[in-house]
Amino acid sequence: MANSASSNTEQDQQAEAALLELRNQIDSIDQHIQLLINQRATCAQQVAEVKQRFSNHLPAVFYRPEREAQVLRRVMERNQGPLPDQDMARIFREIMSVCLALEQPMHVAYPGPEGSYTEQAVRKHFGFSVKGIALSDPEQTFQAVQEGRCHYAVTPIESTQEGLVSHTLDLFRRYDLRICGEVELELDPADNKSLSADTRYLVLGKQYVGPSGQDKTSILLTLLDQPGVLHDVLGIFRQRGISLTRLESRTWQHEKQTYSLFYIDFEGHQEDELIKEVLSELPDESLKILGSYPRAVL
């Protein structure tokens, strides 16, 4: 019994020594990580200073959706584990969020209430260092960005149960905002709350978003409701092999005329030559380009 007790004590001491060494390594790594994060934050502050210095008296653009999408994609591409790619990207999402807050504290509107899935979409896309502003309905969020009270808005656009949120289509027609990004949420199918089926959200702003390399473009087409109109529109995309990722339509009345309103998502950026060709063939007076933006990364 004495030998057994002595052996257990020796093993405990060896385990404690091994754990102490590993904990010391973790402390050293943590210190190095903290140093590097602060170095990154300093660079972010310098970026803000350069943007302000050379903005030519125009408001400096601090949030660049295409740049952030590229950074997150590279994080996932070079990740070697053991952390999954998505988890590593979420860590960098938060680092980027706190660094951006040093450049410019951002206010993001969303249709409330607080704690809803839409607020989750805000946090997933922008991180936890933005100020989320819960408003009463989607139109309030459009107004907040249009009037400059918020930098961006996040609003639901698709529901797996109801399809496209038709009210949002009307808001796109009436307000002059751009789509700057998209957010996809994986929701619990057992949750039957009122917004539980919303799976895709759009980020709205005023800025033009450059190509990121993996983009979508969204447009609205308002055409007289007549036979064959949709067939003609789809033919323009089909001839060039451009994949549509979403197509929704609804009709509305104006001055005794019936119009078809088409919402179309498709792959590519409006600066791509192929996309330019397609857009040039669509009736200009009926076309509203809602924006080109990076495909959801997280």
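For ILE236, ILE157, ILE33, what ranking results if the residue with the fewest other Cβ atoms within 10 Å of its Cβ goes first?
Numbers: ILE236 15, ILE157 25, ILE33 11.
Starting with the residue having the fewest Cβ neighbours, the order is ILE33, ILE236, ILE157.
For a quick check of your reading of the filter: which GluC sites (Glu not before Pro) in the stretch 249-285 sit in a DSSP loop and have no more than 11 other Cβ atoms within 10 Å?
Working: sites: GLU255, GLU267, GLU271, GLU273, GLU277, GLU281, GLU285; in loops: GLU255, GLU271.
Counting only loop positions with at most 11 other Cβ atoms within 10 Å, the GluC sites (Glu not before Pro) in the stretch 249-285 are GLU255.
Which one of ASN24, ASN56, ASN38 has the biggest mean-square fluctuation once the chain is modelled by GNM with Cα springs under 10 Å?
ASN24
Describe numerically, in nm with one decimal, the distance between label points set 7 Å from Cα along Cα→Cβ at LEU220 and at ARG74.
3.6
Using the structure shown, list the pairs from LYS216/LYS288; LYS51/LYS206; LYS256/LYS276; LYS51/LYS288 with a Cα-Cα distance above 25 Å, or answer none. Please report the intermediate quantities before stating the final value.
On the way: LYS216/LYS288 15 Å; LYS51/LYS206 18 Å; LYS256/LYS276 34 Å; LYS51/LYS288 30 Å.
Long pairs (Cα-Cα over 25 Å): LYS256/LYS276; LYS51/LYS288.
If I stretch the segment between ASP176 and VAL229 completely, what's the gain in nm (0.36 nm per residue apart, minus their alpha carbon distance), one decimal?
Details: separation 53, 0.36 × 53 = 19.08 nm, distance 2.53 nm.
Computed gain between ASP176 and VAL229 is 16.5 nm.
In debye, nearest 20, what is the charge dipole magnitude of the chain about its Cα centre with +1 on Lys and Arg Cβ and -1 on Asp and Glu Cβ, if you could check? Don't jump to the answer; show the numbers that get you there.
Numbers: 30 positive and 43 negative charges, 157 e Å.
I would put it at about 760 debye.
Which aspartates and glutamates does LYS131 reach when only Cα atoms under 15 Å apart count, and residues fewer than 8 places away in its own chain are ignored?
GLU94, GLU103, GLU114, GLU119
Which one, ILE37, ILE133, ILE219, has the greatest fluctuation when you compute a Gaussian network model over the chain with C-alpha springs under 10 angstrom?
Residue with maximal mean-square fluctuation among ILE37, ILE133, ILE219: ILE37.
I need the calculated FRET efficiency for the pair ARG250 and GLU147, taking r as the beta carbon distance and R₀ as 35 Å, to the nearest 0.05.
0.85
Using 18 Å as the cut-off for backbone N distance, which residues of the stretch 85-102 belong to the label zone defined by a point 7 Å from the Cα of GLN39 along Cα→Cβ?
Answer for the stretch 85-102: 92, 95-96, 99.
Among (1) -0.45; (2) -0.30; (3) -0.39, which one is log10 I(q)/I(0) by the Debye sum over Cα atoms at q = 0.08 Å⁻¹ computed from these coordinates?
Only one listed value fits the structure, namely (1).
Values quoted throughout were computed directly from the atomic coordinates according to the rules given, and no laboratory measurement underlies them. Everything numeric here is computed off the predicted structure, so don't read it as measured data. With ideal geometry, Cβ positions are generated from the backbone for all residues, glycine too; neighbour counts draw on all protein chains shown.
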